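Take a look at the following structure, please.
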Amino acid sequence: MHEGFESDLRELAGRGRLRALCERSGVDFTSNDYLGLAESEELRRAAADAVARGVPVGSGGSRLLRGNHPEHEALESEAAAYFGADTALYFGGGYIANFAIFSTLPQPGDLIVHDELIHASVHEGLRRGRADFVGVPHNDIGAFNATVVRWRAAGGKGRPWLSVESLYSMDGDSPNLAELFAVADRHEAMVVIDEAHATGVLGPQGRGLAAAFEGRDNVITLHTCGKALGTVGGFILAPRIIRDFLVNRARPFIFATAPSPFVAAITRVALEVSRTNSERRDRLARLVQFAGSELRRRCNIEPSGSQILPVIIGADQAAVALAASLQRRGFDIRAIRPPTVPEGTARLRIALTLNVNEAIVVDLFKALAEDMRKAA
Ligand SMILES: Cc1ncc(COP(=O)(O)O)c(C=O)c1O
């Protein structure tokens with residue numbers, strides 16, 4: 001009855017691409033809990049407080065029906081104020097928020113130009129959306145411009161949309177946003193910036209790398225709550241008209257149970273911690289500096305400069321073997337393989353969080369250098 005599934009899984013296994021869930025173990029060099037908030041006292045207290053205030057766990061329905069709760073509304077107005085946008089719209093996760101943006105906003109006749117390394121959730125939205133889309137080489141702002149120019153010359157009449165991440169999840173690098181906005185201004189384009197990995201970590205008060213472009217009427221940002229903010233959820237920050245359009249037209253918003261008001265209440269505290277407490281951010285920045293120089297010195301690998309340190313290996317099996325060896329030594333490091341990353345660029349993705357300290361980073365890079373020497 002399930003032969004199709006079985007043969008597909010066998011084929012994945014044959015290519016060394018079969019995945020399985022495994023328990024958490026080892027020192028955390030894998031999570032996106034960059035500020036160490038997920039298990040923090042602050043968020044535990046926020047949860048206890050939400051219980052004491054009687055905040056419901058479940059929303060009971062769509063936001064457009066009875067599911068709308070004052071905690072959602074409060075969270076959204078606080079997020080809009082923090083991220084410097086007109087409005088915020090809160091979703092159950094960043095994936096579904098990205099899906100909502102790209103499946104709903106670009107209209108027939110528009111063109112979306114996206115970085116080739118854009119997240120899977122954007123691709124999902126593009127496939128379900130009604131506009132044409134095209135990928136351009138990673139971080140090549142000139143290619144965004146050239147693509148729009150070509151499209152206009154060929155008779156493209158709609159609106160161009162430019163889609164990037166502010167900090168790429170598997171590469172830890174960033175596009176030049178000032179140049180991207182110059183391209184956008186030239187072509188009256190909308191810019192959609194996925195800040196998932198920058199939220200809480202980068203920019204003034206952790207507002208992200210698009211903070212310098214806050215409040216413009218051609219910018220939409222996505223901020224996620226499941227990474228540095230330590231909870232779960234995603235915000236679309238946008239001009240009011242776009243929020244109103246999403247509320248009326250975004251199927252993932254309309255036809256889904258609203259996120260938990262309880263989690264919304266905890267996320268309000270996470271935003272407040274992120275806004276007011278730069279100590280965690282500063283500590284992470286120091287760790288990033290330290291780890292970068294250790295990676296260069298011990299492993300001869302150029303660091304990305306951010307809290308996401310890719311170690312590109314190439315072949316899937318070699319990356320998996322290296323990760324397994326580090327796991328045996330007690331480090332939770334995972335191999336990231338295609339299709340999450342392009343073919344031939346399987347890698348270790350080392351994520352720095354406040355769940356580790358400098359001494360553990362030194363241990364990791366000593367082990368990595370040794371394992372890489374053995375494998376060579
Ligand atoms: C760049 C990027 N965008 C969006 C998402 C999806 O966000 P979430 O995990 O909150 O659904 C992720 C996380 O996996 C991501 O890395």
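The values are calculated or read from the model by the stated rules, or taken from the named source; none is laboratory data. This one's a predicted model, so the numbers in the text were calculated from it and none came from an experiment. When we count neighbours, we look across all protein chains shown, and the Cβ atoms used for this are built from the backbone with ideal geometry, even at glycine. For accessibility, only protein heavy atoms count, side chains too; no ligands or nucleic acids. Shrake-Rupley method; radii C 1.70, N 1.55, O 1.52, S 1.80 Å.
Can you work out which of the residues in region 87-110 that are open to solvent by 20 Å² or more (accessible area, probe 1.4 Å) and more than 16 Å from the ligand (Cβ to nearest atom) is farthest from residue 233 (Cα to Cα)? Write out each step before concluding.
Going residue by residue through region 87-110, those that are open to solvent by 20 Å² or more (accessible area, probe 1.4 Å) are 92, 95-96, 99, 103, 107-109.
Okay, now just the ones that are also more than 16 Å from the ligand (Cβ to nearest atom), so 107-109.
Details: 107: 26, 108: 29, 109: 31 Å.
Ranking the candidates gives 109 first.
I need a count of the residues in region 151-172 that are within 16 Å of the ligand (Cβ to nearest atom), part of a loop (DSSP other than H, G, I, E, B) and not acidic (Asp, Glu).
6
A follow-up question, please. Would you point out which residue out of 67, 60, 54 is small (Gly, Ala, Ser), more than 30 Å from residue 339 (Cα to Cα), free of Cβ contacts under 8 Å to residues at least 12 places away in the same chain and assigned to a loop (DSSP other than H, G, I, E, B)? So that I can check it myself, show each step before the final result.
Working: 67 fails: free of Cβ contacts under 8 Å to residues at least 12 places away in the same chain; 60 fails: free of Cβ contacts under 8 Å to residues at least 12 places away in the same chain.
When all the criteria are applied, what remains is 54.
Do we find that residue 84 is surrounded by fewer than 24 Cβ atoms within 10 Å (Cβ to Cβ), at pLDDT 95 or above and more than 11 Å from the ligand (Cβ to nearest atom) in this structure? Steps first, answer last, please.
Numbers: surrounded by fewer than 24 Cβ atoms within 10 Å (Cβ to Cβ): yes; at pLDDT 95 or above: yes; more than 11 Å from the ligand (Cβ to nearest atom): yes.
Against the criterion (surrounded by fewer than 24 Cβ atoms within 10 Å (Cβ to Cβ), at pLDDT 95 or above and more than 11 Å from the ligand (Cβ to nearest atom)), residue 84 qualifies.
Also, quick follow-up: Within region 173-195, how many residues are open to solvent by 10 Å² or more (accessible area, probe 1.4 Å) and within 16 Å of the ligand (Cβ to nearest atom)? Before you say what the answer is, go through the steps one by one.
If we filter region 173-195 for residues that are open to solvent by 10 Å² or more (accessible area, probe 1.4 Å), which is where we start, we get 173-179, 182, 185-188, 190, 194.
Subsequent filtering for residues that are within 16 Å of the ligand (Cβ to nearest atom) retains 173-175, 177, 194.
Of the residues in that region, 5 qualify.
Just give me the residues in region 111-127 being away from the ligand (no atom under 16 Å from the Cβ) and surrounded by fewer than 16 Cβ atoms within 10 Å (Cβ to Cβ), in sequence order. I'd like the intermediate steps shown before the answer.
Quick first cut of region 111-127, residues away from the ligand (no atom under 16 Å from the Cβ) only: 111, 113.
Across region 111-127, there are no qualifying residues.
Let me ask something else. Of 252, 261, 239, 338, which residue is under 19 Å from residue 196 (Cβ atoms), touching a residue at least 60 places away in the same chain (Cβ under 8 Å) and out of contact with any Leu (no Cβ under 7 Å at 6 or more places or on another chain)?
Numbers: 261 fails: under 19 Å from residue 196 (Cβ atoms); 239 fails: under 19 Å from residue 196 (Cβ atoms); 338 fails: under 19 Å from residue 196 (Cβ atoms).
Sole residue among the options that is under 19 Å from residue 196 (Cβ atoms), touching a residue at least 60 places away in the same chain (Cβ under 8 Å) and out of contact with any Leu (no Cβ under 7 Å at 6 or more places or on another chain): 252.
Which residue, of 286, 268, is in a helix (DSSP H, G or I), open to solvent by 10 Å² or more (accessible area, probe 1.4 Å), in contact (Cβ under 8 Å) with a residue 12 or more places away in the chain and charged (D, E, K, R)? Write out each step before concluding.
On the way: 286 fails: in contact (Cβ under 8 Å) with a residue 12 or more places away in the chain.
The match here is 268.
Can you tell me which residues in region 103-125 are out of contact with any Pro (no Cβ under 8 Å at 6 or more places or on another chain) and more than 14 Å from residue 165 (Cα to Cα)?
Matches in region 103-125: 104, 105, 106, 107, 108, 109, 124, 125.
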